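Please read the structure below before turning to the comments.
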Ligand SMILES: [Zn+2]
């Protein structure tokens, strides 16, 4: 690799035909040249690295060529073409407006315009990043653009068309350059690799092309790096290691876990990813893309939108067949929500974990929804509130908080000091889970344990026919299985907020501050219909509320006769101004909630700023 020339330069196309991914546009330009119908100014718009400057240079060379080929391409042999190819032609002037955007720069360019070409027919002026010109420079340039000499041609290039003044736009023929498709990039990389005698794996080129996001220049520069890192053998493993890209195998595994409702395994697998040094935000983004890819693989019509290699295509299709469409829609939305909230979130890990928990329960919720849809129609009028209460009693025995239900808002502050207080604070789940990470995940999983039991009965419904009799208790309400776990009653947001206030009203005197706060921050209901969110302004209130979470959840579940109700605490956006804690205190508090954070800090030798 002694005389190493970057591939982007070495393999820069020299004719319109070799420009990749802009076929329609180059054909139009070729035709215009052949028919001698040239505009005096062109505007090339498009993202970086897709061939705008390259096309401008080819255009300049072609219109000056002495022996055009019948196809309208430059011959690359005449004196003019050679001068262009060797970079010594006097008929091309390039100005990078990003760094030369003053009036003086434009004036000296205008001076050049006045001088006719000594050889050849046209002088071509390329102004790159034209939107960066100062207003004064724009105005100075406008006059020349309006009435240029016949031999002058302008090619303006921009990545941001909306920033180009309308007066300029209206004087130019506009060409839109598009992102180059992954397939086109891969094909080009493959040909470069062959010429350079570099071994490559198809998957590796695919990853590079995806990373380049439609820009050939970026793709080639990544490719060069990979070649030098990997000693001429560009493998998939090499590339994802060097580009720090998460192996998509993880996403296939996650999707399988979601479908099998294996919540705990999801959390563990996510932990593994974090330990390998990947960022949770990138992970969620990648997961969303994976789910999107699954969605497009479901249908032959959208299949062309799937930018993966042929061997991967089969794998995507196979997994897509296992995913119900509804699951994919919801999962993508959950990932998207997580992605949107990620930056603002104080406890990012928790946010991702919560999302994974929701994802892993989507299909189990699904089956529940279906039955819940049928059941209340028959049961609700019969059982009403009266008979549902006894049904909920055995369920509560596990939670020890049967009392609050028995004494609703009737006796407010007088007696509660004696009894129900004890539970909210003393609920073992508040202290005991310290060894495990992330308190909020615990109640959800523990609370769902009984439900997980039902799920595992239903899960195999596809294969085992004997479960059907178990899973359909609908006709006979006397069914034993239904009593301890369900029925989950539908409820409204008003019901929820009333129950929330009732809980606050029953808090003991020493919790008066919490009670007051609870009354000002009313919960909102999430899209899944059973999760409700409470928005808090700082982590102090958050941790206070977290301690009460198990008690609140069990109280509200009980009150509304729905065992699936879950509470989630969100720190409100823009809440940093009301911060009460120093960074050190916040850290310590977070460690208390999530001990593995400490390990993370120690492993990576991180420090607080
Ligand atoms: Zn020529």
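No value in this document is a laboratory result; all are computed from the given coordinates. Values in this document were obtained by computation on a predicted structure and should not be read as measured data. Note that each Cβ is placed from the backbone with ideal geometry, even for glycine, and that neighbours are counted across all protein chains shown.
Report, in cubic angstrom per residue, the convex hull volume of the C-alpha atoms of the stretch 182-242.
Cα convex hull per residue, to the nearest whole number: 62 Å³.
Within the stretch 184-223, which residues have the backbone N less than 16 Å from the label spot 7 Å out from residue 96 along Cα→beta-carbon, could you tell me?
Inside the label zone: 217-218.
Taking 45 Å as R0, compute the FRET efficiency from the Cβ-Cβ separation of residue 38 and residue 199 and round it to 0.05.
Using R0 = 45 Å, I get an efficiency of 0.50.
Note down the nm distance, to one decimal, between modelled labels 7 Å out along Cα→Cβ at residue 115 and at residue 526.
Each label point is offset 7 Å from its Cα along the Cβ direction, giving 6.9 nm.
Nearest 0.05, what FRET efficiency do residue 497 and residue 135 give at R0 = 56 Å with Cβ-Cβ as r?
Numbers: r = 55 Å, r/R0 = 0.98.
It comes to 0.55.
Does anything in the stretch 199-224 have its amide N under 16 Å from the 7 Å Cα→Cβ label point of residue 282, and if so which residues?
207-213, 222
So for the pair residue 333, residue 67, with labels modelled 7 Å out along Cα→Cβ, what separation do we get in nm?
6.6
I want to make sure I understand the PRE zone here: with the label point 7 angstrom from the Cα of residue 322 toward its beta carbon, which residues in the stretch 260-278 have backbone N atoms less than 11 Å away?
Once the point is set 7 Å along Cα→Cβ of residue 322, 260-261 turn out to lie under 11 Å by backbone N, inside the stretch 260-278.
Which FRET efficiency value, to the nearest 0.05, is calculated for residue 88 and residue 162 with the Förster distance at 35 angstrom and r the Cβ-Cβ distance?
Values: r = 37 Å, r/R0 = 1.05.
Approximately 0.45, to the nearest 0.05.
Calculate the radius of gyration of the Cα atoms of the stretch 248-359 to one decimal place, then report Dmax, the largest Cα-Cα distance, as a whole number, both in Å.
Spelled out, the Cα radius of gyration and Dmax of the stretch 248-359 are 13.7, 42 Å.
I need 230, 554, 134 ordered by Cβ neighbour count within 10 Å, fewest first.
So the ranking, lowest neighbour count to highest, is 134, 230, 554.
Given bins 10 angstrom wide, list per bin the percent of all Cα-Cα distances in the stretch 7-176, short to long.
Final binned percentages: 10, 41, 37, 12, 0.
Which of 67, 162 comes first, and how do the rest follow, when ranked by fewest Cβ neighbours within 10 Å?
Going from least to most buried by this count: 162, 67.
Using the count of nearby Cβ atoms within 10 Å as a rough guide to exposure, how do 547, 153 rank from fewest to most? If you can, show how the numbers build up before the last one.
Numbers: 547 17, 153 24.
So the residues, fewest neighbours to most, are 547, 153.
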